[in-house]
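Below: the structure, in structure tokens.
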Amino acid sequence: MAGKVLKENMRNVSRENTRNRIIESAKKLFAEQGYQKTTVMDISRQAGLSEAALYDYFQGKEDLLLTIPDLWVSELIGDLKEQLFGIKGAFNKLRKFLWWYLRRIEEAPLDAKIVYLFLKTNANFMKTEVYTNVRTLYSYLIDIFEEGRVSGEMKSDLNPYFARDIFIGTMEHLVTRWLLKDRSYSLFENLEEIFNLMVNGFKSNGSGSTTGSELPD
């Protein structure tokens, strides 16, 4: 019995390793030559498998396109709560969110490229688990804006959903531009100035400046 269990565990580990190899191969090829130009044959060769073997793990390259960012976004959701733990004040939380998110983008540029340049133009994106997870990730911003409105840091008539859309739109513009320019500069260039310009529109009249907030990157 013990031998049978051991063999089964080894088989599962082997399958997981192969699945991860396929994912990493697809990620590399999508980022290097684009989603449209990449074929299942390309991915299977990169992973050292036959096409038939690849289809044992994934239904095709669209299945892979949707799987890659799902893993990444799930990791982000798991990390965000810890990153915001202990931070007081809505503006400090917003600043931490932006700095943390852009740091994670710089650390995983291939994942970011697939999400921002390929996945979001896919007609099936809004039907996927990835889209649901992205909405979960960004729901933290709604809570932060609501906190700021209630505490008086932000305007009393601030709509948290509109504020979230403005914040996300600015953040995604920064990331998309950075990717299209082949990551030739740091996402953190002029970020403090951009952040202050953006959040000034959210402040209540009694709020002080956010410049100089001291938070870890």
In the range 30-51, how many are of a type outside the set (A, V, I, L, M, F, W, C), modelled with pLDDT of 90 or more and not in a helix (DSSP H, G or I)? 5
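Yes or no, residue by residue, for (1) at negative phi; (2) assigned by TED's automatic domain parsing to the domain that holds ILE168; (3) part of a helix (DSSP H, G or I); (4) crowded, with 21+ Cβ neighbours inside 10 Å:
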position	(1), (2), (3), (4)
LYS28	yes, no, yes, no
ALA53	yes, no, yes, no
LEU65	yes, yes, yes, yes
PRO69	yes, yes, yes, yes
SER74	yes, yes, yes, no
ASN92	yes, yes, yes, no
Scan the range 121-136 for residues that are in contact with a helix residue (DSSP H, G or I) (Cβ under 9 Å, 6 or more places away or on another chain) and either over 26 Å from SER25 (Cβ atoms) or surrounded by fewer than 17 Cβ atoms within 10 Å (Cβ to Cβ) (or both) and jot them down. ASN122, ASN124, GLU129, THR136
Filtered residues of the range 174-184 (kept if surrounded by 11 or more Cβ atoms within 10 Å (Cβ to Cβ) and either part of a helix (DSSP H, G or I) or free of Cβ contacts under 8 Å to residues at least 60 places away in the same chain (or both)): LEU174, VAL175, THR176, ARG177, TRP178, LEU179, LEU180
Exception for MET171 within (1) buried (at least 18 other Cβ atoms within 10 Å of the Cβ); (2) over 17 Å from the mean Cα position of the chain (by Cα) falls at (2)
Single condition ILE168 does not satisfy, out of (1) at pLDDT 90 or above; (2) in a loop (DSSP other than H, G, I, E, B); (3) not polar (S, T, N, Q): (2)
Condition test on TRP100, is it at pLDDT 90 or above, touching a helix residue (DSSP H, G or I) at 6+ places or on another chain (Cβ under 9 Å), assigned by TED's automatic domain parsing to the domain that holds LYS120 and in a helix (DSSP H, G or I)? yes
Residue list for the range 126-142, filter: in a helix (DSSP H, G or I) and in contact (Cβ under 8 Å) with a residue 12 or more places away in the chain: GLU129, VAL130, ASN133, VAL134, THR136, LEU137, TYR138, TYR140, LEU141, ILE142
GLY148 fails exactly one of the following numbered conditions: (1) at pLDDT below 95; (2) assigned to a helix (DSSP H, G or I). What is the number of that condition? (1)
So if I check each of LEU197, LEU187, LEU158, LEU117, which one is surrounded by 13 or more Cβ atoms within 10 Å (Cβ to Cβ), assigned to a helix (DSSP H, G or I) and either not assigned by TED's automatic domain parsing to the domain that holds TYR101 or not polar (S, T, N, Q) (or both)? LEU117
Condition check: among the hydroxyl-bearing types (Ser, Thr, Tyr) and modelled with pLDDT under 85. Does SER14 satisfy that? yes
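The values are calculated or read from the model by the stated rules, or taken from the named source; none is laboratory data. Since the structure is predicted, the reported quantities are computational estimates derived from the model, not experimental observations. Methodologically, a virtual Cβ is constructed for each residue, glycine included, from the backbone with ideal geometry; neighbour enumeration extends over all protein chains shown.
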